[in-house]
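Beneath this line is the structure, given in structure tokens, with notes to follow.
The values are calculated or read from the model by the stated rules, or taken from the named source; none is laboratory data. Just so we're clear, the structure is a prediction, and the values are computed from it rather than from any experiment. Cβ atoms come from the backbone with ideal geometry, glycine included; neighbour counts cover every protein chain shown.
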């Protein structure tokens, strides 16, 4: 009776995708594109660092985050906020969220101020949506606004124990205080998020290439397609 040989266990193969650089034709190992895309959304440039594309990763991280921070500075930290209220739906946040983790505090603040606590998670108010007329807030947050915001006075709140009810429009106050800088800050933060969406695509699919279909004479037979080395 012959000796039986044990079955061969197949070796697991990790899927790797390679793109071609439009600059020098070198191969670019995209590793796992889905993972790279998620990392690129969480932190701009992180997906490229994961793929070993260090230069691009550092460049994208610097440009996107700098643009986002400059926009926040121009808008005094108030231009990035999440709001789904019918009278104040912040559609711009859909683009601002493209920068990933840097914009997530806006979601936390919106959920906190509209939740049972009736105040932002960070009482300092960073990325908190503006108060609208009739909104209920905690007494602590109301007192802080009265003390720190020159546009808000004690008369802007009705006393509704154990909370207070706002009786003005804080978004109008922000526009009056910041003027054109509110729109400029919004523009910068939106551009940062939209630019990072292109970066996410680059981490997922590699550099974009086009196909140059060069016409040939009838004697040469069928036309051939050659890739044009342009991003």
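Observations on the structure shown:
- Test: residue in the stretch 193-205 that is closer than 22 Å to residue 89 by Cβ, out of contact with any helix residue (DSSP H, G or I) (no Cβ under 6 Å at 6 or more places or on another chain), modelled with pLDDT of 95 or more and crowded, with 17+ Cβ neighbours inside 10 Å: no
- The single residue among 231, 183, 222 that is out of contact with any strand residue (DSSP E or B) (no Cβ under 8 Å at 6 or more places or on another chain), at pLDDT below 95 and either outside any loop (DSSP other than H, G, I, E, B) or under 30 Å from residue 58 (Cβ atoms) (or both) turns out to be 231.
- Residue in the stretch 54-68 that is farther than 22 Å from residue 176 by Cα and in contact with a strand residue (DSSP E or B) (Cβ under 6 Å, 6 or more places away or on another chain) present: no
Results for (1) at pLDDT below 95; (2) surrounded by 18 or more Cβ atoms within 10 Å (Cβ to Cβ); (3) farther than 21 Å from residue 96 by Cα, shown as yes or no for each residue.
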| residue | (1), (2), (3) |
| --- | --- |
| 32 | yes, no, yes |
| 42 | no, no, no |
| 59 | no, no, no |
| 74 | no, yes, no |
| 80 | no, yes, no |
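- The set of residues in the stretch 159-180 that are in contact with a strand residue (DSSP E or B) (Cβ under 8 Å, 6 or more places away or on another chain), surrounded by 14 or more Cβ atoms within 10 Å (Cβ to Cβ) and without any contact (Cβ under 8 Å) to a residue 40 or more places away in the chain comprises 164, 165, 166.
- Output for the stretch 113-149, where each listed residue is more than 22 Å from residue 80 (Cβ to Cβ) and out of contact with any strand residue (DSSP E or B) (no Cβ under 9 Å at 6 or more places or on another chain): 116, 140, 147
- Among the residues of the stretch 107-124, those identified as closer than 19 Å to residue 76 by Cα, crowded, with 20+ Cβ neighbours inside 10 Å and touching a residue at least 24 places away in the same chain (Cβ under 8 Å) are 109, 110.
Results for (1) modelled with pLDDT under 95; (2) within 30 Å of the chain's Cα centre (by Cα); (3) at negative phi, shown as yes or no for each residue.
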{"residue": "116", "(1), (2), (3)": "yes, yes, yes"}
{"residue": "122", "(1), (2), (3)": "yes, yes, yes"}
{"residue": "126", "(1), (2), (3)": "yes, yes, yes"}
{"residue": "144", "(1), (2), (3)": "yes, yes, yes"}
{"residue": "151", "(1), (2), (3)": "yes, no, yes"}
{"residue": "157", "(1), (2), (3)": "no, no, yes"}
{"residue": "160", "(1), (2), (3)": "yes, no, yes"}
{"residue": "166", "(1), (2), (3)": "no, no, yes"}
